[in-house]
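First up is the structure itself, then whatever we jot down about it.
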Amino acid sequence: MTTAPRPSPSLRDVVEKYRQLAGGFGRPLALAAFGLSSEETERVFGIFDEDYHISRFFRFSLEPAAAARSGQTYRINGFPQSHVALDAEIESIL
């Protein structure tokens with residue numbers, strides 16, 4: 001029996017999960033905290049990063065010490081990243 005692939009999270013899903021896990025806007029959260037596979041993390045966040053109306057609210061960063069501890073870095077549109085912080089103004093486009 002094959003199972004249907006799980007749908008990718010929507011922007012609203014990502015924002016809600018971010019707020020829940022980060023405790024508020026503007027705080028860096030490890031991309032690994034979203035619980036997606038590496039491929040899905042890179043694909044979903046890459047799509048958001050390519051859309052100007054969305055990407056202006058995303059602040060990606062590479063935190064080498066944290067990434068070294070967890071071993072989790074992702075290539076978001078070719079750039080190594082480990083964390084994301086969202087600006088509160090993202091709610092204006094939800």
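Every read-out reported here was derived from the displayed coordinates using simple, explicitly stated rules and does not represent laboratory data. Predicted, not measured: the structure shown is a model, and the values here were computed from it. Cβ coordinates were reconstructed from backbone atoms using ideal geometry, including for glycine residues, and neighbour counts include every protein chain displayed.
Assorted remarks:
- Among 23, 47, 77 the positive-end extreme of the charge dipole of the chain (Cβ point charges): 23
- Modelled FRET efficiency - R0 25 Å, residue 21 with residue 43, Cβ distances, 0.05 increments: 0.80
- Neighbour-count ranking [beta-carbon atoms within 10 angstrom, fewest first] of 18, 74, 52: 52, 18, 74
- Debye intensity ratio in log₁₀ form over the Cα atoms of segment 1-52, taken at each q of 0.18, 0.19, 0.22, 0.29 Å⁻¹: -0.64, -0.70, -0.90, -1.31
- Separation in nanometres of the label points that stand 7 Å from Cα toward Cβ, at residue 70 and residue 12: 2.6 nm
- Amide H within-cut-off set for residue 29, under 5 Å, with H built and near neighbours excluded: 84, 85
- Two-decimal ratio, segment 11-93, of alpha-carbon radius of gyration to 2.2 N^0.38 Å: 0.99
- Fluctuation leader among 58, 79, 48 - the chain, Gaussian network, Cα springs under 10 angstrom: 79
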